[in-house]
Amino acid sequence: MTYVIYYRKHNTDLCIKNQKKHFMKVSKSVFLFLLILSFTKGFSQFTIDAELRPRFEYRHGYKTLFPDNADPATFVSQRTRLNFGYKTEKLHFYLSPQDVRVWGDVPQLNVADENGFSLHQAWADVLLTSDLSLKIGRQEIIYDDQRFFGNVGWAQQGRSHDAAILKYEPSFLKFHFGAAYNQDGEALTGNILTTNTYKSLQYLWLHKDWEQLSASFLFVNNGLQYIDEIDESKKDKYFLNLQTINNQIKQIENLVNEFSDFARMPKPMFKNNNLYEIINLNVELLKKIDSEINIDFKYEKNKKLIFLCDYEQISRVFFNLIKNSIESIHERQAKNTDFAKKISIVIISKNDYIEFIITDNGTGFSESNLKNILKPYFTTKSKGSGLGLSIVNKIINDHNGTINFKHQKDGGSTIIRFNK
């Protein structure tokens, strides 16, 4: 038993000795490498410096007006950089890793730290001729007063670019051409950049000094990528939504101008239109207000219900009435959430008339309101203009129709009838 314990301790001592020898060899190699760099024929310089910048911040209205009933933000952020530089007569290499964090964003006994560590700069500047050089890699781009190009040094993270800069600097002027091209990563197909930055960058900088004057000219082309991806499985729905939005743009613009429209409602432009299509487009648009409301509108898609009418005006009628039903349901929901929200649209087509019945299970209509509901400027809404139903009524009358409202035990109904 004693032999075994001694044997293990002996091996441990050997292991420690071997590790020490290995460490000494590596240390000697690194020292010799640095020594060789220092004594290379010609000029060479190796530099190391560090930056540690803690900053206390008290934010009370930073970037925006300070909201009511909120506490100001207080924290300490810290930027730590370790900078390495190596410079010879024709080469300048620079490396700057950094760590940006807020005190306390990682617990004391943390297993892993994924916060804030990044490579701020890593570039090489190669002298091609006495006046021409190429600087390439991740680097700060700084010119003049830093209004357009700067390192944003006041921010803890700073700013750097992945770019290449060709610099021509004879004694009488300075001329720089810079370019960058960004991508998310290596890929076999595709060319989409999802990172919040520019896709490409090109610029020219020209600087000239005189005895009592200096001037700089900067020309920049900053290219952002336009992404329009459509899931093939949702392509039909995408174009239907796009068509719905396009068809409603003029209608929404007209709603904004309700007051002037009511005073001088244009004469209807009568054409044959498919009422099924008009109603369905408005239903699809208004479903986005509250997807939980079941809007039941059934019709045979292969059939058409042709009616001589003004397309935009009749579209406005159904938009306003369905929207009113949604708002009525929301009013009831504010008092009682335990009910199934639903709207039904029924069409009855006879030889001499077409009737539409829009029914919802909202708050319905009170008897006192039914007498005044179509009068201009009468409204039960806190933000209503009182002209919505007046406009609807005028449009229906211009199309030789009538509109009536009916209170029900569980909601209300709107009945529209057009004579053929």
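The values are calculated or read from the model by the stated rules, or taken from the named source; none is laboratory data. Since this is a predicted model, take the numbers as computed values, not measurements. Every residue, glycine as well, gets a Cβ built from its backbone with ideal geometry; the counts of neighbours run over all protein chains shown.
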Q: Only residues that are loosely packed, with under 14 Cβ neighbours inside 10 Å, of a type in the set (D, E, K, R) and touching a residue at least 24 places away in the same chain (Cβ under 8 Å): list them for segment 92-141, please.
A: D131
Q. Taking the condition within 23 Å of Y143 (Cα to Cα) and among the hydrophobic types (A, V, I, L, M, F, W, C), does A180 pass?
A. yes
Q) Looking only at residues in segment 142-151 that are among the aromatic types (F, W, Y) and over 17 Å from D162 (Cβ atoms), which one is surrounded by the fewest Cβ atoms within 10 Å (Cβ to Cβ)? A) F148
Q.
Here are the criteria: (1) closer than 18 Å to V283 by Cα; (2) part of a strand (DSSP E or B). Tell me which single one K406 does not satisfy.
A. (1)
Q) What are the residues in segment 335-349 that are within 22 Å of L275 (Cα to Cα), free of Cβ contacts under 8 Å to residues at least 60 places away in the same chain and out of contact with any helix residue (DSSP H, G or I) (no Cβ under 6 Å at 6 or more places or on another chain), if any? A) K342, S344, V346, I348, S349
Q | From the options T379, T402, T337, T359, residue that is at pLDDT below 90, of a type outside the set (K, R) and either surrounded by 13 or more Cβ atoms within 10 Å (Cβ to Cβ) or within 30 Å of K304 (Cα to Cα) (or both) | A | T379
Q: Please give the strands (runs of 3 or more DSSP E) falling wholly within segment 110-168 in which 2 or more residues are among the polar types (S, T, N, Q) and farther than 24 Å from S214 by Cβ.
A: 117-127
Q: Report whether or not Y226 is modelled with pLDDT of 85 or more, hydroxyl-bearing (S, T, Y) and either surrounded by fewer than 10 Cβ atoms within 10 Å (Cβ to Cβ) or within 22 Å of V317 (Cβ to Cβ) (or both).
A: no
**Q.** Boolean, V111 is modelled with pLDDT under 85, out of contact with any Asp or Glu (no Cβ under 9 Å at 6 or more places or on another chain) and of a type in the set (A, V, I, L, M)
**A.** yes
Q. Restricting attention to segment 193-223, and to residues there that are of a type in the set (A, V, I, L, M, F, W, C) and part of a loop (DSSP other than H, G, I, E, B), which single residue is modelled with the lowest pLDDT?
A. L193
**Q.** Among the candidates I293, I314, I322, I329, residue that is more than 20 Å from T363 (Cα to Cα) and at pLDDT 90 or above
**A.** I314
Q: Quick one: in segment 82-91, of everything that is exposed (fewer than 15 other Cβ atoms within 10 Å of the Cβ) and among the charged types (D, E, K, R), which residue is nearest to A164 (Cα to Cα)?
A: K90
Q. Going by the conditions given, is D162 among the acidic types (D, E) and either closer than 14 Å to L95 by Cβ or surrounded by 14 or more Cβ atoms within 10 Å (Cβ to Cβ) (or both)?
A. yes
Q. Since S171 meets every condition but one in (1) more than 26 Å from S118 (Cα to Cα); (2) not in a loop (DSSP other than H, G, I, E, B), which condition does it not meet?
A. (2)
Q: Any residue in segment 401-420 that's within 10 Å of E355 (Cα to Cα) and hydroxyl-bearing (S, T, Y): show its pairings with residues that are at pLDDT 90 or above and in a strand (DSSP E or B) at Cβ separation under 8 Å, as long as the two are six or more apart or on different chains.
A: T402/I416; T402/R417
